[in-house]
There are 2 protein chains.
Amino acid sequence: MSGLTKRQQEILDYMKMAHRETGIMPSTREIQHYFGFASQTAAVGHLRALERKGMIVRLPGKARASVFPEELERAEIIDIPIYGNIAAGMAQDSEQQKDGCLSIDITSLGIPHTARTFALKVRGDSMVNAHVCDGDTVIMEFRDPKRGDIVAALIDGETTLKTYVLKDGKPYLQAENDDYPDLIPARELIIQGVMVALLRAAA
Amino acid sequence: MSGLTKRQQEILDYMKMAHRETGIMPSTREIQHYFGFASQTAAVGHLRALERKGMIVRLPGKARASVFPEELERAEIIDIPIYGNIAAGMAQDSEQQKDGCLSIDITSLGIPHTARTFALKVRGDSMVNAHVCDGDTVIMEFRDPKRGDIVAALIDGETTLKTYVLKDGKPYLQAENDDYPDLIPARELIIQGVMVALLRAAA
DNA sequence: TAACATATTGTTCTTCCGAACACATATTAA
DNA sequence: TTAATATGTGTTCGGAAGAACAATATGTTA
């Protein structure tokens, strides 16, 4: 269906696998030995066929220089650490240890290349009216909040996700759910990040 | 701050840039010439320093075999084509041409490796009660819908995003906004995909 | 000032690796 | 039948590329 023969598909699969495992492309001789070819030329022939069919791009004369076209077209990818959960409702502190990673291209997030970001898993439903749900992953950026931003804030010793509001020049935190009260800081209000994107995976 | 000297940071930046441009890592001699070193050994020394500081991993004896550790740890990344807009409200047909691409690791989406996916930009607010908003990007999978799934459907010649509901064994489409009516198919109901994830970028 | 890490140069050696050529054998389409 | 196309084998060549060794400078720190 894809225009590749069975053998060519096998070679391509091996290259993808090897590239994922090692981070580098196999050389023609590595392909030869993996498939048990008696001659390196066999591998070269398949690479040429794969190039002709657009499955790889080869940079002539250079070593291990096969490239998958989709990787060239791809926008730059950033790896955003996920720092556990954040309460959007109940009292609970956000954990500090890294809990996995989220990799996504920067153009889809619409953030600058330089942005310092992290991610949190939302627990609770105090932000549902802002369409942030329990289980969503919110992507936060380190920066100063503007009014109306959704922020991760440390308020009087607790970390929560709320809307940042100014009243008479004083900031407070607003829940987006009528069942939850607004939070006016008694002492200090530390903004840990501003929400720049949201990812929801199907349950 | 990161423990790298200025020169080492420059080398690392060049390697990242070259890797993004060409898809392959520069060789030690390419690094040498780019920086105008008189000797290739200079580049080798810097690579060794970068390896010692954990910025790259080198596979000994192999050509162009420096790897960025984050790329090794990263889960597999899929490229999801974005097929323009889909109405969630107004009558409007979804365009067919590819309109950019979304690259994200599969574990964050929670979908199987084999899933056939595409993405659509949501227009309209008929799904706000399901917390799908105007401007969101929804990631769809080609598969048969279950009741309650949010689906992209072609109903009587129009494509929309709605909840898939069964009533007396017959499927119809339900808007998640009281201002919009349910859609009962007059003739045919073709499901184009089931929503598996959602991405919202800050405006 | 001595010790040490970092940065740099010059040279040589070996291996890695792509490329090319000649030839063989199926399978498939015109 | 003829002509591609796909899949191989065996061999040779040369450039690409990593590695090692011997020096020299330049800071920075103790």
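The values are calculated or read from the model by the stated rules, or taken from the named source; none is laboratory data. Small disclaimer: the values here were computed from a predicted structure and weren't measured. Every residue, glycine as well, gets a Cβ built from its backbone with ideal geometry; the counts of neighbours run over all protein chains shown. In case anyone asks, the SASA skips ligands and DNA or RNA and just uses the protein heavy atoms, side chains included. Shrake-Rupley method; radii C 1.70, N 1.55, O 1.52, S 1.80 Å.
Selection of segment A:8-28 for residues being within 14 Å of DNA strand D (Cβ to nearest atom) and exposed (fewer than 13 other Cβ atoms within 10 Å of the Cβ) yields only A:Asp13.
Every residue, every condition in (1) of a type in the set (Ser, Thr, Tyr); (2) assigned to a loop (DSSP other than H, G, I, E, B); (3) farther than 29 Å from A:Gly148 by Cα, yes or no:
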residue: B:Val165; (1), (2), (3): no, no, yes
residue: B:Pro171; (1), (2), (3): no, no, yes
residue: B:Asn177; (1), (2), (3): no, yes, no
residue: B:Pro185; (1), (2), (3): no, yes, yes
residue: B:Ala197; (1), (2), (3): no, no, no
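Out of B:Asp125, B:Asp156, B:Asp182, one residue alone is away from every other protein chain (no Cβ under 14 Å) and out of contact with any strand residue (DSSP E or B) (no Cβ under 6 Å at 6 or more places or on another chain). It is B:Asp156. The residues of segment A:167-191 that are in contact with a Phe, Trp or Tyr (Cβ under 8 Å, 6 or more places away or on another chain) and open to solvent by 60 Å² or more (accessible area, probe 1.4 Å), listed by number, are A:Asp182, A:Ile184.
For segment A:107-145, the candidate set comprises residues that are assigned to a loop (DSSP other than H, G, I, E, B) and hydroxyl-bearing (Ser, Thr, Tyr); within that set, the residue that is farthest from B:Thr107 (Cα to Cα) is A:Ser126. Scanning segment B:11-42 for residues that are touching a residue at least 12 places away in the same chain (Cβ under 8 Å) and not hydrophobic (A, V, I, L, M, F, W, C) yields B:Tyr14, B:Lys16, B:His19, B:Pro26, B:Ser27, B:Thr28, B:Arg29, B:Glu30, B:Tyr34, B:Gln40. Criterion applied to A:Val57, A:Val44 was being more than 8 Å from DNA strand C (Cβ to nearest atom), more than 24 Å from the chain's Cα centre (by Cα) and at pLDDT 90 or above, and the one residue passing it is A:Val57.
Against the conditions (1) within 12 Å of another protein chain (Cβ to nearest Cβ); (2) within 13 Å of DNA strand C (Cβ to nearest atom); (3) in a loop (DSSP other than H, G, I, E, B), A:Ala75 satisfies every one except (2).
Whenever a residue of segment B:184-203 is without any contact (Cβ under 8 Å) to a residue 12 or more places away in the chain, its partners that are surrounded by fewer than 14 Cβ atoms within 10 Å (Cβ to Cβ), lying with C-beta atoms within less than 9 angstrom and at least six residues away or across chains, give the pairs B:Ala202/A:Gly110. Against the list (1) open to solvent by less than 20 Å² (accessible area, probe 1.4 Å); (2) hydrophobic (A, V, I, L, M, F, W, C); (3) over 22 Å from A:Leu72 (Cα atoms); (4) not in a helix (DSSP H, G or I), the condition B:Ala38 fails is (1). Only residues that are more than 25 Å from B:Ser27 (Cβ to Cβ) and in contact with a helix residue (DSSP H, G or I) (Cβ under 9 Å, 6 or more places away or on another chain): list them for segment A:21-56, please. Scanning segment A:21-56 gives A:Phe35, A:Phe37, A:Ala38, A:Ser39, A:Ala42, A:Ala49, A:Lys53, A:Gly54. Filtering A:Leu59, A:Leu109 for residues that are open to solvent by 30 Å² or more (accessible area, probe 1.4 Å), of a type in the set (A, V, I, L, M) and within 14 Å of another protein chain (Cβ to nearest Cβ) leaves a single hit, A:Leu59.
Beta carbons closer than 6 Å, at least 6 apart along the sequence or on distinct chains, pair a first residue in segment A:51-65 that is free of Cβ contacts under 8 Å to residues at least 60 places away in the same chain with a second that is among the hydroxyl-bearing types (Ser, Thr, Tyr) and surrounded by 14 or more Cβ atoms within 10 Å (Cβ to Cβ) for A:Ile56/A:Ser66; A:Arg58/A:Ser66; A:Arg64/A:Ser27.
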